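In what follows, a single structure is set out as structure tokens and then discussed.
Here, each number is a calculation from the coordinates, and none is a lab measurement. Please read these numbers as outputs of a predicted model, since none were measured by experiment. Glycine also receives a Cβ, built like all others from the backbone with ideal geometry; neighbour counts cover every protein chain displayed.
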Ligand code: XMP
């Protein structure tokens, strides 16, 4: 089994960030809820305890029994994780009198401590906590302090157990990466061998073993997750992988043809299914966003199921599910664990009776992209923005008609084409256009017009959970707006969406 760093999640907003930082060091890690310690710890080389929105003195504060781990493997508590370690052994944790949020600087460092090796006095760290460790248990030694926080870090004597009050995973802790490297490489002795190449090798090997001569069906969407899944499976089982790519009529302009073509060039055994008319028929007259989602999702299952049944003796369904879809997240409202809803996972009905295989379900999106690059897949697929399953259907506010789809496809092609031409496409997480059910007055030549309004939206994000609107250059926006109004019949007004998520969402529906 892969050597692993275990991250115990106490509900911090930064837990996933810790995982990404560990993986950037080419070390595999997994996030577990604080109360679910894996039974077998043979492959675990070290443990990181995350922060938490709770205070250790809260009545329902999350408490982890670390007896199976302490003194066996190194442990690093971050923020709440550190307070948890200290208070468990009789240390005193109190609400801090001064605000300990934001930047601070390390004023004292024990240079002999392995965790602090190479970290410089004065180094900026990021604090984000309401409590402070007032008094350490007798067997704990201070390893670093800031001017205001004496116990900014500690080590337990005779153990490789450490705690730090600040967050090494955030960008604002300037030497956070060095500190994590000290812990993971020097203290936990991880070999840093979890690379894209090693992931591909072990995944292909294990797919070969578990699938043998079995046939697998996979729904391709044109996106990076399903495409990388396909290429990995293709490497493992070749022609026994049967891909289905459904044209729901809600894709971008010419996308079905161009993506199908590139899949064929990659040697994939892929069948394109033109089901546009069936989707348009079922969408007729539906304006409610969830109603549209249901209609599109239901029709997708129907079409996919029919196509899959044409393949003889298929026994597996492959899906491009990624790690954020399956992490059991710790609810901050209480200790009960909730599973995040599978936002981007189609989900197929039971009657298909297929076994599920999800080769990417331990990876973050940026890691899927790294794997795709290692597999030498085309940048046009690897760097593609996320695109929702219901496609343009949820970007046309109100009911969906062929005419509206064709207007939005033209508008979208100009915006996305412009972003690519001006080298802005890779600068944003996702860009999209929305057709509003609103007409506005305009003038063209000597004529008064009364036509559609479209929205341009571009956001920066790392996972789609939170997002900020992109500050695209105004000259670029002006150019695109001009081109849309001049070229797309039926549009006389373009607006730019400047809302962030939360409180808005990325899509309008
Ligand atoms: P929101 O709009 O919730 O979107 O901020 C977050 C991310 O999810 C995508 N999205 C969907 N993907 N089916 C999907 O497969 C959906 O129904 C759906 N709704 C939103 C959205 O494009 C963004 O990347």
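General observations
- Note on the chain: antiparallel DSSP beta bridges, both residues inside, total approximately 50 percent of the bridges counted.
- P(r) weight above 19 Å for region 400-496, C-alpha pairs, percent: 43
- Computed on the Cα atoms alone, the convex hull of the chain gives a volume of 170 cubic angstrom per residue.
- A full extension of the chain between residue 192 and residue 159 corresponds to an added length of 9.6 nm, given 0.36 nm per residue minus the alpha carbon distance.
- Stretch gain in nm, segment residue 177-residue 42, where the contour uses 0.36 nm per residue and the Cα spacing is subtracted: 46.0 nm
- Summarised in one figure, the compactness ratio Rg/Rh of region 221-329, Cα atoms and Kirkwood Rh, is 0.99.
- 0 to 90° range, to nearest 10: angle between helix 289-309 axis and the chain longest Cα axis: 80
- Cα-based helix-to-principal-axis angle, 15-24 vs the chain, degrees rounded to 10: 90
- Least to most buried among 218, 76 (fewest other Cβ within 10 Å first): 218, 76
- For the peptides 293-301, 259-267, 499-507, residues were scored by their other Cβ atoms within 10 Å and the scores averaged per peptide; the highest-first order is 293-301, 259-267, 499-507.
- Here, P(r) means the percent of Cα pairs in each 10 Å bin from 0 to the largest distance; for region 4-187 it is 10, 43, 39, 8, 0.
- Take every DSSP beta bridge whose two residues both sit in region 4-187; close to 55 percent of them are antiparallel.
- Relative contact order %, region 400-496, counting alpha carbon pairs below 8 Å whose residues are six or more apart: 28
- Relative contact order (percent, whole number), the chain, Cα cutoff 8 Å, 6+ residue spacing: 10
- With the convex hull constructed from alpha-carbon coordinates only, region 440-509 shows a mean projected area of 5.6 nm² over all directions.
- Folded to 0 to 90 degrees: helix 196-211 orientation relative to the chain principal axis, Cα: 70
- Sequence of 170, 224, 303, 441 once ranked by neighbouring C-beta atoms within 10 Å, starting from the fewest: 441, 170, 303, 224
- Note on region 196-382: Kirkwood radius taken over Cα pairs, Stokes-Einstein applied at 10 °C and 1.306 mPa s, translational D equal to 90 µm² s⁻¹.
- Nitroxide proxy distance, nm - points 7 Å out along Cα→Cβ at residue 105 and residue 205: 5.0
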